[in-house]
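Down below is the structure, laid out as structure tokens.
The values are calculated or read from the model by the stated rules, or taken from the named source; none is laboratory data. All values derive from a computational prediction rather than experimental measurement. Cβ placement follows ideal geometry from the backbone for every residue including glycine, while neighbour counts extend to all protein chains displayed. Surface accessibility is based on the protein's heavy atoms, side chains included, excluding ligands, DNA and RNA. Shrake-Rupley method; radii C 1.70, N 1.55, O 1.52, S 1.80 Å.
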Amino acid sequence: MALHVYGVAAASAQLPGSLRGRQEAPVRLVVHRDLAAVVSDIDAEARVRGDDLLAHARVLESLVEGSTVLPMRFGVIVETDEEVALNILEAGEGGLTAMLDSFDGLVQLTVKAYHDQHRALKHLLRERPELRELRDQAAAGPPSYHSQLRLGEAVALGLDVLASDDATMLYEQLIGLAERIALGDVTAKNQVLDAALLVQRGARARTDEGIARLGRALPDRLRLRYIGPLPPYSFVDGELAGQAIWA
């Protein structure tokens, strides 16, 4: 047997009694002075499954409802409690304690925004007469590779500019709803924004209401996905850049 490590919290952190992690094992704390590692026992030889990744995230998201936790990347495996105490908690005690203090009472809420491509294109054609002209020219004559290419390039550029403008608009609307905002890379199809909001746990209702108002006021080409509360994934990464165990 070995230990899967989910993250680090204060020694005073309270675990939900029924919380289970990978391989359905009970989650427990390994305490060292004022710090605790959140762990569960696992069979390290067992094949990693999708359920293991989900269990890792579920444990962290359950903890963040009532405790501050510094999340680790999936796959940190340690042999014994003593190794956890020595190599993780004692070795990083100063920095971990400072980070727990800096994130005390804070949770991450994530806002992702996407374009409805059809509606975004309709908006673009409505606002850009030169694109309508290119479209009409391409439709008027016999099919032409060059006319189709010009139209496709112009539309793609226009959609990129619209996505950038919409991302800026959304960011400005979100600024007042968070202590800090971290912008992630936009990688999904039609995605406009990936923003992590660092929010006081007690202020979540205000942020929830603000996001709901924003969603109602957006043009129909935009849709939001709102996720959380989460551990401060996007902010821990910045604090401990280059240290691979941290999420």
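Hey, can you find the accessible area per residue of the chain for me, probe 1.4 Å, expressed in square angstrom? Before the final figure, lay out each step's value.
Numbers: 13250 Å² over 247 residues.
Roughly 54 Å² per residue, with all protein chains present.
Quick one: order SER40, SER102, SER12 from most to least accessible surface, probe 1.4 Å.
Details: SER40 0, SER102 65, SER12 90 Å².
Listed by decreasing accessible area, they come as SER12, SER102, SER40.
One decimal place: the segment TYR171-LEU53 gains 39.5 nm when fully extended, by the rule 0.36 nm per residue minus the C-alpha distance.
Quick one: helix 93-102 against the long Cα principal axis of the chain, what's the angle to the nearest 10°, folded into 0 to 90? Tilt relative to the chain: about 50 degrees.
Provide the net charge surrounding GLY210, with neighbours chosen by a C-beta distance below 15 Å and charges set as Lys +1, Arg +1, Asp -1, Glu -1.
Numbers: positive: ARG204, ARG206, ARG213, ARG216; negative: GLU172, GLU179, ASP208, GLU209.
Residues close to GLY210 contribute a combined charge of 0.
Only helices enter the 222 nm calculation for the chain: every DSSP H run of n ≥ 4 contributes -39,500 (n - 2.57), and dividing by all residues gives -13000 deg cm²/dmol, rounded to 500.
The slack between ALA98 and GLN117, meaning 0.36 nm per residue of separation minus the straight C-alpha distance, is 2.4 nm. A crude spin-label estimate for the pair GLU209 and GLU65, with each label 7 Å from Cα along the Cβ direction, gives 2.3 nm.
Among the GluC sites (Glu not before Pro) within segment 59-89, those in coil by DSSP and having at most 16 neighbouring Cβ atoms inside 10 Å are GLU65, GLU79.
For GLU130 and ILE227, what is the calculated FRET efficiency with R₀ set at 45 Å and r taken between the beta-carbons, to the nearest 0.05? Don't skip to the answer; put the middle values down first.
On the way: r = 38 Å, r/R0 = 0.85.
E(calc), rounded to 0.05, equals 0.70.
For the chain, a Gaussian network of Cα nodes joined below 10 Å ranks PRO71, PRO129, PRO219 by mean-square fluctuation, and the top entry is PRO129. To the nearest ten degrees, helix 117-127 and the longest principal axis of the Cα atoms of the chain are 40 degrees apart. In the elastic network of the chain, a GNM with C-alpha springs shorter than 10 Å, the most mobile of VAL39, VAL186, VAL69 is VAL186.
Between the Cα long axis of helix 129-140 and the first principal axis of the chain there is an angle of about 70°, rounded to the nearest 10. Between ASP116 and LEU222, ARG223, the built amide H atoms are under 5 Å apart, and every one of these is 5 or more places off in sequence or on another chain. Comparing ALA37, ALA120, ALA217 in a Gaussian network model of the chain, where Cα atoms under 10 Å apart are tied by springs, the biggest mean-square fluctuation is seen for ALA217. Counting only protein heavy atoms and a probe of 1.4 Å, the accessible surface of the chain is 50% carbon and sulfur. In the chain, the sites counted are trypsin sites (Lys or Arg not before Pro) in DSSP loop states with at most 13 other Cβ atoms within 10 Å, and the longest stretch holding none of them, exclusive of the sites, is 50-188.
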